[in-house]
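Written below as structure tokens is the structure these notes are about.
The numbers here are math on the coordinates, done by the rules we state, and not lab data. Fair warning: this is a prediction, and the values are worked out from it, not measured in the lab. Cβ placement follows ideal geometry from the backbone for every residue including glycine, while neighbour counts extend to all protein chains displayed.
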Amino acid sequence: MKKNKKIEHTTEILKKAAETFKSQTYLSALEKVWLDYQLKIREDVNYPLKNMVFLPKDVELAYLEGLQRDIIASQSRKLAISMKAMGNIRPIIVVRLKFDSNKYKYYVLDGQHNYTALRALNAQEIPVVEVPVKDIPSLVEVIALLNSSSKAWTLKDYVNAWGNIHPDYVTLKNLFDKYDIELSIISAICGGSTVAGSGPGTSLIKSGKFRILNLEESERKLSDITEILNLLPRMDRAANRYFILSLLNVFAEVKYTRQHQTRLVAFVSTKREVLKFALNNVNELKEFLMQAFA
């Protein structure tokens, strides 16, 4: 177990406080209290492992379709080879739920590749740890936390997961598939927030609270942005963000209409080379684009 710097620092403070009182009894008492606290932390951290059980191989574990990443066959094969050499050293994390029937079933929350490898090796028992989950939203949160131990969930993973629960996430995914624009930017436009890679918009997506405010208006903006982006050479991520944010500022300032779009498309078509030198400053770029309506 890694040393906890906060615990070590607090221990030193307690020792110095005890030395101030010149009392070895007081020091011993403090050390005992702190030792008990450290042991409690260890017990809390390892508590789930105490509940590990071995299920017979005929108890099939189901997968949560759409809530997890796809199984990669090559990864399962590599794990199977490793298990043959070393044995299995990781339990499967499961939840027990009733979904499409009146019977409880075990569902894999984390370790689907391990489980696939164990079945391929015809393991007689499957080591599992059951995690309590109170509802569907908390289920998504738990899956995200567990999967982040190996590879952090992307924004798209959250959209796919919550899409099983709320239709706005399905619409968001469809918009992402349709337009060649970053998911975080599309979600910001649909949610009415500023364009950013993180912040309130991203937090809303991860928490399951994201909602589309005006789909028709969002689609119009995305369509107009795409039409203009197609006039320019492929940009890097930062330049792409600056350009889109500048466009959104233009849309807001002039109460954008189809006539504005026609004029801006004509303007950008003739200024492509000049635009290369203004892609790193949102305000300058916005003022430059506003010249289309002068």
Cα pair distances in the range 203-281, grouped into 10 Å bins until the bin that holds the longest one, percent each: 15, 46, 29, 10, 1
³J(HN,Hα), Karplus 6.51/-1.76/1.60, whole Hz, each residue of the range 72-80, x for Gly, Pro: 9, 4, 5, 5, 5, 5, 5, 5, 4
Loop trypsin sites (Lys or Arg not before Pro), the range 234-271 (other Cβ atoms within 10 Å of the site Cβ: 15 or fewer; DSSP): 234, 255
Placed amide H near residue 94: partners under 5 Å, 5+ positions off or other chain: 109, 129, 130, 131
Distance in nm between pseudo-label sites at residue 89 and residue 272 (7 Å out along the Cβ direction from Cα): 5.6 nm
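So which trypsin sites (Lys or Arg not before Pro) in the range 97-192 pass both tests, a DSSP loop state and at most 15 other Cβ atoms within 10 Å of the Cβ?
Values: sites: 98, 103, 105, 119, 134, 151, 156, 173, 178; in loops: 98, 103, 134, 151.
When the trypsin sites (Lys or Arg not before Pro) of the range 97-192 are filtered for loop state and at most 15 Cβ neighbours within 10 Å, 98, 103, 134, 151 remain.
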Label-to-label distance, nm, for residues given as residue 146 and residue 72 (7 Å Cα→Cβ offset): 2.0 nm
Inverse of mean 1/r across different Cα pairs in the range 53-147, Kirkwood, Å: 13.9 Å
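Could you pull out the pairs from 209/286; 206/286; 134/209; 105/209; 255/286 whose alpha carbons sit more than 22 Å apart here? Could the numbers behind the result be given before it?
On the way: 209/286 31 Å; 206/286 31 Å; 134/209 18 Å; 105/209 28 Å; 255/286 14 Å.
Flagged as over cut-off: 209/286; 206/286; 105/209.
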Volume per residue of the C-alpha convex hull in the range 155-293, rounded to whole Å³: 100 Å³
